[in-house]
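Below: the structure, in structure tokens.
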Amino acid sequence: MARVFITGSSDGLGKMAARLLVEEGHKVVLHARNEARGKEAMASAPEADTVVIGDLASIRQTRTVADQVNALGVFDAVIHNAAVGYREGGRIQTEDGLSHVFAINTLAPYILTALIHKPKRAIYLSSGLHHQGDASLKDLLWERRAWQGQQAYSDTKLHDALLAFAVARLCPDMLSNAVEPGWVATKMGGPSATDDLDQGHRTQVWLAVSDDPAAKVSGQYFYHMRRRTPMAEANDVAVQNKLLQECRKLSGVELELLTASPMK
């Protein structure tokens, strides 16, 4: 039995992953952005241990999410599932002056990775659209570029792969991988999505808890439980380091993965 924390687990793939993990007998902690969504999350997966609350668009609230998770002890796996999609019609600015898409999709998983007690495994949800991401990392916050929702989303999904592979490199005793769930018909994916919804959550669950040797790897990119080749720049150490540096400057949070996790 494993203990797993899943961000953004009040609906969509996060909720589906939580339900599958609970069905398999694992202990799951959910996450929702507010109390109302938290009640919905617990109603949809009543066997889950609890739900932590916090809006990942806010640096302050993301830090409180990490505090709530740490108060529950050390987890075997964290699934960084929370994201907003590509259909925002314009740049939405957060309370911290950041792009809403960047704050939730990129900066929040960075902050949580830095602040949550180190798990044995971390899974970061990317997307096939990461191949269209801008590896120059220029204008991360869309302050100078004309807004393009799909490009902004694609950029952040590249960031998630960069973060997953940076963590794998910096922390060899922790399994860290990126997952492409496919274009599936969730609220974010929309009704026109063509991939198999039933497969959309299974790879991240498998990577989080399976003893299959194929799942006990690190620094890999997966689609439907098979390795795929990511965008070449995702494995570029210089690009990874640049993203980590930018996230540190924007959040004020240092990533110190080589520090040992607290003992259970």
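The values are calculated or read from the model by the stated rules, or taken from the named source; none is laboratory data. Predicted model, so just to flag it, every value in this text is computed and none were measured. Neighbour counts are summed over all protein chains in view; Cβ atoms, including those assigned to glycine, are modelled from backbone coordinates with ideal geometry. Note: areas computed on protein heavy atoms with side chains; ligands, DNA, RNA excluded. Shrake-Rupley method; radii C 1.70, N 1.55, O 1.52, S 1.80 Å.
Could you calculate the contour length gain from residue 139 to residue 72, that is, 0.36 nm times the residue separation minus the distance between their Cα atoms, to one decimal place in nm? Don't jump to the answer; show the numbers that get you there.
Values: separation 67, 0.36 × 67 = 24.12 nm, distance 3.70 nm.
Using 0.36 nm per residue and subtracting the Cα-Cα distance, I get 20.4 nm.
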Among 160, 211, 236, which one shows the highest mean-square fluctuation when the chain is modelled as a Gaussian network with alpha-carbon springs under 10 Å? 211
By how many nm would the segment from residue 64 to residue 214 lengthen if fully extended, with 0.36 nm per residue of separation less the alpha-carbon distance? 50.6 nm
Just the Cα atoms of region 1-140, one point each, no solvent: what log10 I(q)/I(0) does Debye give at q = 0.12, 0.21, 0.22 Å⁻¹? -0.47, -1.33, -1.43
Paired Rg and Dmax values of the chain, which use every Cα atom, in angstrom: 16.6, 48
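Expressed in nm to one decimal, what extension gain is obtained for the pair residue 238 and residue 36 from 0.36 nm per residue of sequence separation less their Cα-Cα distance?
Gain on stretching residue 238 to residue 36: 68.6 nm.
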In percent, what relative contact order does the chain have, based on Cα pairs under 8 Å that are 6 or more apart in sequence? 19
Starting from the 7 Å offset along Cα-to-Cβ, what nm value, one decimal, do you get for the label separation of residue 248 and residue 224? 4.0
For the chain, the dipole about the Cα centre with charges only on Cβ (Lys and Arg +1, Asp and Glu -1), to the nearest 20 debye, works out at 200
Report the one residue of 107, 174, 137 whose Cα lies farthest in the direction of the positive end of the charge dipole of region 49-192 (charges on C-beta: Lys and Arg +1, Asp and Glu -1; origin at the Cα centre). 137
Per-residue ellipticity at 222 nm for the chain, helices alone: DSSP H runs ≥ 4 residues times -39500 (n - 2.57), over residue total, nearest 500 deg cm²/dmol? -10500 deg cm²/dmol
GNM flexibility winner over the chain from 32, 238, 215 (Cα, springs under 10 Å): 238
Can you spot the lysines whose alpha carbon is less than 17 Å from residue 15's alpha carbon? Ignore those fewer than 8 places along the same chain. 27, 39, 187
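Roughly how many percent of the accessible protein surface of region 90-147 is carbon and sulfur, given a 1.4 Å probe and a whole-percent answer?
Answer for region 90-147 is 49 percent, counting heavy atoms of protein chains only.
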Just the number please: accessible area per residue for region 87-158, 1.4 Å probe, all protein chains included, in Å². 37
Could you please put 229, 113 in sequence from largest to smallest accessible area, using a 1.4 Å probe? 229, 113
